[in-house]
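Dumping the structure here so I can ask a few things about it.
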Amino acid sequence: MQVLRQPLGPGETDHELIWLSVSVASLGLAATWLALGLPWPRCLFHDLTGRPCLTCGMTRSAIQFFHGHFLAALKWNPLVFAVLCGVTAFDLYGFFALVTRAPRLRIIFWTAPEKKFARIIVITALALNWVYLLLHWRQF
Ligand SMILES: [Zn+2]
């Protein structure tokens, strides 16, 4: 794996602009949804089994996160908390890169074992998060 720092090439996808826009639009949509008092998403898996699915607690974690209650956000769903931290860091970087026209960061996976290792890390994080949620199922 290598992290490259390079200017945005002609015709290259502007990931910073796309994903910052998607992130801000999603946050705005979610905030509007909650401000209007519309119903929260229901979890079919939880309704059927009585146990949390992989994403249960996501809404409550995000609400706590955006109110600055980071420990509560972590307790509701650790993986969502980690993702929100990553998205926040990416948004700050993306905003900075767009405003200053700074070189862009690109992560390059060179080999198949590196790609496999990255997949294993992601799957392990998902599994450990679900184990955590199942161990704390009574709060859902
Ligand atoms: Zn669920």
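Considering only segment 69-140, give the helices (runs of 4 or more DSSP H) lying wholly within it that have at least 3 residues that are within 16 Å of the ligand (Cβ to nearest atom).
Helices (runs of 4 or more DSSP H) meeting the threshold: 78-100, 112-135.
Sticking with this one: All but one of (1) surrounded by fewer than 17 Cβ atoms within 10 Å (Cβ to Cβ); (2) part of a helix (DSSP H, G or I); (3) in contact (Cβ under 8 Å) with a residue 12 or more places away in the chain hold for ILE18; state the number of the condition that does not hold.
In the conditions (1) surrounded by fewer than 17 Cβ atoms within 10 Å (Cβ to Cβ); (2) part of a helix (DSSP H, G or I); (3) in contact (Cβ under 8 Å) with a residue 12 or more places away in the chain, ILE18 misses (3) alone.
Could I ask something else about it? Between residues in segment 76-96 that are more than 14 Å from TRP130 (Cα to Cα) and residues that are among the aromatic types (Phe, Trp, Tyr), which pairs lie under 6 Å by C-beta distance while being six or more apart or on different chains?
Partner pairs satisfying both residue conditions: LEU84/PHE65.
Still on this structure: Answer with yes or no whether GLY57 is within 16 Å of the ligand (Cβ to nearest atom), modelled with pLDDT under 95 and exposed (fewer than 14 other Cβ atoms within 10 Å of the Cβ).
So GLY57 fails the test.
Listed here are the residues, each with its yes/no results for (1) out of contact with any strand residue (DSSP E or B) (no Cβ under 9 Å at 6 or more places or on another chain); (2) within 30 Å of PHE96 (Cβ to Cβ).
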site	(1), (2)
HIS15	no, yes
LEU20	yes, yes
ALA31	yes, yes
ALA35	yes, yes
HIS46	yes, no
GLY50	yes, no
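The values are calculated or read from the model by the stated rules, or taken from the named source; none is laboratory data. Note that this is a predicted model, so its numbers are computed, not measured. Note that we place each Cβ from the backbone using ideal geometry, even for glycine, and neighbour counts take in every protein chain shown.
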